[in-house]
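In what follows, a structure is listed as structure tokens, so that the remarks can point back to it.
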Amino acid sequence: MAQAQDNFKRGTAEMLVLYLLEQEDMYAYQIVNELNRRSGGCYRLLEGSLSMILMRMEEAGLITGRTELVGKRRTRRYYTIMPLGREKLSSLMHDYQEMIFGIQSIIDFQKEETE
Amino acid sequence: MTKAGFDYLKEVEQQLCGKKAQKKAYLKTLSADVAERLEEEPNLDCAALALAFGSPEELATEFMETLDTKDVKKAFNWKKIVLIGVIAIVVIWLIGVSIALFDGHASVNGNYLEHIGDEEITFFLPEETT
């Protein structure tokens with residue numbers, strides 16, 4: 001079950017991170033907390049995994065990062081979604097909706113058969 | 001960055017495999033995120049960091065999975081080439097040593113030739129009695 005959840009997370013993490021960044025610029029820890037909070041604690045992404053995802057998305061030009069000074073000494077790296085990222089998000093959301101619809105259809109089909 | 005942060009990053013670095021440039025890029029991003037987190041919670045120890053960021057083994061596995069298959073294949077091919085090269089050198093060296101040990105003497109009709117000074121002395125082995 002845990003393995004299945006891990007695979008599901010991996011498949012959807014990029015989409016969800018882009019989705020959050022479309023709403024506002026965020027820093028890594030904020031993204032992890034927001035995913036956790038919005039999912040009611042169900043979607044817990046490791047911060048090390050998020051670093052990997054952010055790095056890949058930045059390399060691909062989907063997002064861009066900037067370091068900001070918070071207070072006197074602390075720094076935070078905020079991420080902003082880029083136009084290419086918005087396109088990618090739209091494509092991922094479409095694929096996700098289609099897949100969810102397909103999976104639900106399979107389940108409903110079996111239910112109808114047994115009734 | 002605290003000592004725990006450095007220790008954690010060192011452990012992650014030891015576990016990662018793949019292209020040097022990719023490892024470096026990931027470690028740079030990760031260390032920035034770890035430093036950011038430690039600025040908020042400076043008391044986090046190595047175990048707490050592993051819980052939040054993932055254990056070094058978990059991250060290494062995930063890092064491998066996200067690498068392009070081309071890069072992974074390349075990395076494995078290099079390992080293979082180096083291994084074959086080392087084995088070939090050892091085999092050649094062993095053959096050379098064996099030849100030197102077993103064929104250290106020149107022989108004529110099955111008899112050993114020894115050079116003592118300028119003279120050449122031939123030792124005739126006694127014929128086997130049947």
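All of the numbers you see were taken from the coordinates with simple rules; none came from a lab. Just so you know, these numbers come straight off a predicted model, no measurement behind them. Every residue, glycine as well, gets a Cβ built from its backbone with ideal geometry; the counts of neighbours run over all protein chains shown.
For the stretch A:2-114, the residue among A:LEU84, A:ILE100, A:MET55 whose Cα projects farthest onto the positive side of the dipole built from Cβ charges is A:MET55.
Please list, in chain and number order, the residues 5+ apart from A:MET26 or on another chain whose amide H is under 5 Å from its amide H, with Hs placed from the backbone. Residues meeting the criterion, in which the H sits 1.01 Å from N, are A:TYR79. Compute the Kirkwood hydrodynamic radius of the stretch B:1-67, taking the inverse of the mean of 1/r over all pairs of distinct Cα atoms, and give it in Å to one decimal. Hydrodynamic radius (Kirkwood, Cα only) of the stretch B:1-67 equals 11.9 Å. Averaging the Cα positions of each part gives two centres, and for the stretch A:38-115 and the stretch B:1-61 these lie 22 Å apart. For the segment B:20-33, counting C-beta atoms of other chains within 10 Å of every residue's C-beta and taking the mean gives 4. Between the amide H of A:THR75 and those of A:VAL70, distances stay under 5 Å, these residues lying 5 or more places away or on another chain, with hydrogens modeled in the peptide plane. Here A:CYS42, B:CYS17 are placed in order of increasing Cβ neighbour count within 10 Å, fewest first, which gives A:CYS42, B:CYS17. Compactness of the stretch A:2-114, taken as the C-alpha radius of gyration over 2.2 N^0.38 Å, stands at 1.26. Of the trypsin sites (Lys or Arg not before Pro) found in the stretch A:54-115, those in coil by DSSP whose Cβ has at most 15 other Cβ atoms within 10 Å are A:LYS72, A:ARG73.
Could you sort out which of B:LYS3/B:LYS80; B:LYS28/B:LYS80; A:LYS9/A:LYS72; A:LYS88/B:LYS79; A:LYS9/B:LYS79; B:LYS19/B:LYS80 sit more than 27 Å apart by Cα distance in this structure? Violating the 27 Å limit, Cα to Cα: B:LYS3/B:LYS80; B:LYS28/B:LYS80; A:LYS9/A:LYS72; A:LYS88/B:LYS79; A:LYS9/B:LYS79.
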